[in-house]
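Single-structure report; data block below.
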Amino acid sequence: MLVALAGGVGAARFLRGLVRVVPPEDVTAIVNTADDEVFHGLTVCPDLDTVTYTLAGAEHPEQGWGLEGESFRTIDALTRYGADTWFRLGDLDLATHLHRSERLRAGAPLSTVTADIARAWGVTTTIVPMTDDPVSTRITVERPDGGLEVLRMQEWFVRERTTPPVVAVEFDGAATARPAPGVLEAIAAADTIIVCPSNPIISIGPILAVPGVRDALVARRDRVVGVSPIIAGTTVKGPADRLMGPLGIEVSCVGVAEVYAPFCSTLVIDERDAGRADDVAATGVRPVVAETLMTDARVAAALAQHALDAVA
Ligand code: FO1
């Protein structure tokens with residue numbers, strides 16, 4: 001059995017490769033929920049949906065999030081009523097949010113609803129939210145006048161396009177959150193635990209912040225392998241570089257290794273970073289060099305195989 005800690009698009013593309021080299025039902029993906037947000041009264045769980053849609057082969061191919069062939073008539077119609085529509089919920093995607101929100105309102109835990117949604121999409125991989133409790137990323141930014149403001153993740157990421165400089169990141173609710181059913185058990189029982197190529201701060205960070213998860217990983221350190229989301233000092237997709245630098249972490253595979261070192265024995269770094277392998281090793285993490293730019297599912301599958309072999 002394999003466990004994968006997962007955020008959004010990078011993780012989803014990696015998982016699509018992983019389930020080509022191992023039986024999909026042998027994989028448990030533990031997914032970040034601190035990006036979750038309520039829009040128009042509906043609970044939206046971007047990372048859970050991105051992983052589900054991608055494993056179902058239904059994701060929007062260019063965006064990576066949302067559904068293939070999506071339209072936006074409903075969200076555009078909401079502008080008539082003066083609603084905020086900067087977060088673009090697609091017409092088909094809305095069905096997921098309607099269904100999930102109704103189930104949650106009726107008292108079902110997020111983990112149960114997530115499993116049911118995955119089943120409805122024909123996904124046999126186990127997809128588990130990191131917690132059933134509300135956890136929310138808060139990003140403190142500096143405004144041009146020097147004032148500080150606390151933004152929610154989607155406000156900073158989508159509405160403000162990651163422009164405001166970051167001062168601090170917190171995970172509201174994490175201290176009292178409980179791991180979702182099965183999370184700690186899966187980590188304890190896994191042959192291999194993979195930290196997907198996701199944002200170390202706001203995708204993997206919240207999962208680690210759920211009490212018990214980090215300790216469970218530390219106990220399995222020799223079986224934990226990460227994949228660096230940073231290639232040659234930049235992110236492939238997403239804002240990791242806009243977060244790591246201001247938080248005092250080198251924007252490189254070496255910075256990722258430093259963050260992961262307490263619970264991760266091995267890190268897959270990109271071929272373009274082969275020259276940094278000794279610096280990674282100096283953090284106490286064993287470097288393994290591979291092609292990590294997942295241009296298609298075949299490359300993602302080869303990368304997943306490298307990650308598995310690295311701790312075999
Ligand atoms: N990202 C955007 O850049 N703009 C959007 O309007 C947007 C809408 C959206 C709707 C549903 C969904 O599941 C994801 C969506 N995303 C959008 C992506 C989302 O912000 C990111 O995937 C994550 O939160 C970061 O992993």
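The values are calculated or read from the model by the stated rules, or taken from the named source; none is laboratory data. Just so you know, these numbers come straight off a predicted model, no measurement behind them. Neighbour counts are summed over all protein chains in view; Cβ atoms, including those assigned to glycine, are modelled from backbone coordinates with ideal geometry. We work out accessible area using only protein heavy atoms, side chains counted, and drop any ligands, DNA or RNA first. Shrake-Rupley method; radii C 1.70, N 1.55, O 1.52, S 1.80 Å.
Odds and ends about this structure:
- Output for region 88-101, where each listed residue is among the aliphatic types (A, V, I, L, M) and without any contact (Cβ under 8 Å) to a residue 40 or more places away in the chain: Leu92, Ala95
- The lone exception for Val27 - which of (1) open to solvent by 10 Å² or more (accessible area, probe 1.4 Å); (2) within 14 Å of Asp191 (Cα to Cα); (3) not polar (S, T, N, Q) it fails: (1)
- For first residues located in region 52-64 and over 17 Å from Ala6 (Cα atoms), partners that are within 14 Å of the ligand (Cβ to nearest atom) and in a helix (DSSP H, G or I) and lie 6+ apart or on another chain with Cβ distances below 9 Å form the pairs Ala58/Thr52; His60/Tyr53; Gln63/Val9.
- Residues of region 48-57 that are among the β-branched types (Val, Ile, Thr) and within 9 Å of the ligand (Cβ to nearest atom): Thr50 alone.
- Pair list, Cβ under 6 Å, 6 or more apart: region 102-115 residue without any contact (Cβ under 8 Å) to a residue 60 or more places away in the chain, other residue open to solvent by 60 Å² or more (accessible area, probe 1.4 Å): Val113/Arg103
- Just so you know, in region 77-94 the residues that are open to solvent by 70 Å² or more (accessible area, probe 1.4 Å) and farther than 29 Å from Leu18 by Cβ include one that is nearest to the ligand (Cβ to nearest atom), and it is Asp84.
Rundown of residues vs (1) at pLDDT 95 or above; (2) within 13 Å of the ligand (Cβ to nearest atom); (3) acidic (Asp, Glu); (4) open to solvent by less than 10 Å² (accessible area, probe 1.4 Å), yes/no style:
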site	(1), (2), (3), (4)
Val9	yes, yes, no, no
Phe14	yes, no, no, yes
Arg20	yes, no, no, no
Asp36	yes, yes, yes, no
Pro46	yes, yes, no, no
Glu59	yes, yes, yes, no
Glu68	yes, no, yes, no
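Each row is one residue, and each column tells you yes or no for (1) loosely packed, with under 15 Cβ neighbours inside 10 Å; (2) within 21 Å of Ile202 (Cα to Cα); (3) touching a helix residue (DSSP H, G or I) at 6+ places or on another chain (Cβ under 6 Å).
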site: Ser101; (1), (2), (3): no, no, no
site: Ala106; (1), (2), (3): yes, no, no
site: Asp133; (1), (2), (3): no, yes, no
site: Gly146; (1), (2), (3): yes, no, no
site: Ala174; (1), (2), (3): no, yes, yes
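- Scanning region 297-312 for residues that are in a helix (DSSP H, G or I), of a type in the set (A, V, I, L, M) and within 17 Å of Arg286 (Cα to Cα) turns up Leu303, Ala304, Ala307, Leu308, Ala310.
- Among the candidates Val225, Val195, residue that is within 16 Å of the ligand (Cβ to nearest atom) and touching a strand residue (DSSP E or B) at 6+ places or on another chain (Cβ under 6 Å): Val195
- Candidates Arg178, Arg138: the one that is open to solvent by 20 Å² or more (accessible area, probe 1.4 Å) and touching a residue at least 40 places away in the same chain (Cβ under 8 Å) is Arg178.
- As for region 235-242, it holds at least one residue that is of a type in the set (Ser, Thr, Tyr) and within 16 Å of the ligand (Cβ to nearest atom).
- Residue among Val128, Val158, Val150, Val123 that is within 14 Å of the ligand (Cβ to nearest atom), among the β-branched types (Val, Ile, Thr), over 14 Å from Thr43 (Cβ atoms) and open to solvent by 10 Å² or more (accessible area, probe 1.4 Å): Val158
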